[in-house]
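Asks: Got a structure here, written out as structure tokens. Questions coming.
All of the numbers you see were taken from the coordinates with simple rules; none came from a lab. Quantities reported herein were computed from a predicted structural model and do not represent experimental measurements. Because the Cβ atoms are built from the backbone with ideal geometry, glycine has one as well, and the counts that use them run over all protein chains shown.
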Amino acid sequence: MITLYSYPELFGVADNNGYGLKVFAFMRLAGVPFVHEHIFDASAAPRGQLPYVVDDGETIGDSETIIAHLNRKYALTIDAGLSAAQHDRDLLVTRMLDDLYWVMSYSRWKDERYFPAFRDALLREHPQLTIEGLRKAQEFNFQRYFYAGIGRYPPEAAYARGLADLGALARLVPPTGYVQGPEPSSIDAGIYGFIANIWFFDIDTPLKRFVAVHGNLVRHCEEIHARVMQPPNA
Ligand SMILES: N[C@@H](CCC(=O)N[C@@H](CS)C(=O)NCC(=O)O)C(=O)O
């Protein structure tokens, strides 16, 4: 039995963090049965970061490592037909999504125009959270942003990075089908993980405004969402 430990839902998305949502979507798309445990405390995770899985007693952290483990151990077919060049493209997009992660996170916690909407959604949907706890999380994130570099950027410069990332995705995602062909592969799960965390959030950031005017990104996100939110065997 596989258990996925990741952050809780928000705005109808199964994890309010792109990395956990990527693994959730990957497992649903690949047909891997699992139990989903939503947690806020990452202290038990490998390297203190979510998501992680426990697979028959083996603990594996890091979304890419988890996907590689599942592909190998269960001989999954979702990425089986990919060429070496397609695997390289997966890696490049995955690394670019790491950049988008910081901008998305910055928009929620650091930009005072959007933090109140994010905070209020968390408090509304997860009443066990407190304003004080969220203030602490915010301070922790401010430190992460500072050391990652993005915390030293004014908002326009931070969003310019995220919008450049989204621009590349808007040129990559086709009007129909998926990035590597007619069926989704793991990179579609990765893209969904981050775009769904922008698109379905009722927070009108520059990132969301960009997605809204790119029909291919909205179509891709909503199609994957419909597939992964369906209970298995439905
Ligand atoms: N490379 C990791 C990154 C995961 C990650 O950045 N997780 C963050 C999401 S906010 C986290 O758990 N942060 C808590 C911390 O760093 O203390 C992956 O792909 O899973």
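Asks: Farthest toward the dipole's positive end in the chain, which of V103, N216, P155, given Cβ charges of +1 (Lys, Arg) and -1 (Asp, Glu) about the Cα centre?
Replies: The residue sitting most towards the positive pole is P155.
Asks: Per Stokes-Einstein, at 25 °C and 0.890 mPa s, what whole-number D in µm² s⁻¹ belongs to the chain, with the Kirkwood radius over Cα pairs as the hydrodynamic radius?
Replies: Result for D is 135 µm²/s.
Asks: With every atom except the alpha carbons ignored, what do you get for Rg and Dmax of the stretch 1-108, in angstroms?
Replies: Taking only Cα atoms of the stretch 1-108, I get Rg and Dmax of 14.0, 38 Å.
Asks: Would you tally the net charge around I131, using a Cβ to Cβ cut-off of less than 11 Å, leaving I131 out, and scoring K and R as +1, D and E as -1?
Replies: +1
Asks: Hey, could you grab the Kirkwood Rh for the stretch 86-192? Inverse mean 1/r over distinct alpha carbon pairs, Å, one decimal.
Replies: Kirkwood hydrodynamic radius for the stretch 86-192: 15.6 Å.
Asks: Among P33, A84, V53, whose Cα lies farthest out toward the positive end of the dipole of the stretch 4-89, if unit charges sit on the beta carbon of Lys, Arg (+1) and Asp, Glu (-1)?
Replies: A84
Asks: For the stretch 68-112, build the convex hull from the C-alpha positions and give me its volume per residue in Å³.
Replies: 85 Å³
Asks: Lys and Arg at +1, Asp and Glu at -1: add these up for the other residues within a Cβ distance under 11 Å of F201 and post the number.
Replies: 0
Asks: Quick check: net charge around V32, other residues with Cβ under 12 Å of its Cβ, Lys/Arg +1 and Asp/Glu -1?
Replies: +1
Asks: Let me ask something else about it. Any idea what the alpha-carbon Rg over 2.2 N^0.38 Å comes to for the stretch 83-147?
Replies: That ratio works out to 1.48.
Asks: Run the numbers on the stretch 100-234 and let me know its relative contact order in percent, using alpha-carbon pairs under 8 Å that are six or more apart.
Replies: 25 percent
Asks: Ranked by Cβ crowding within 10 angstrom, fewest neighbours first, how are F40, F210, F24, F194 ordered?
Replies: The most exposed by this proxy come first: F40, F210, F24, F194.
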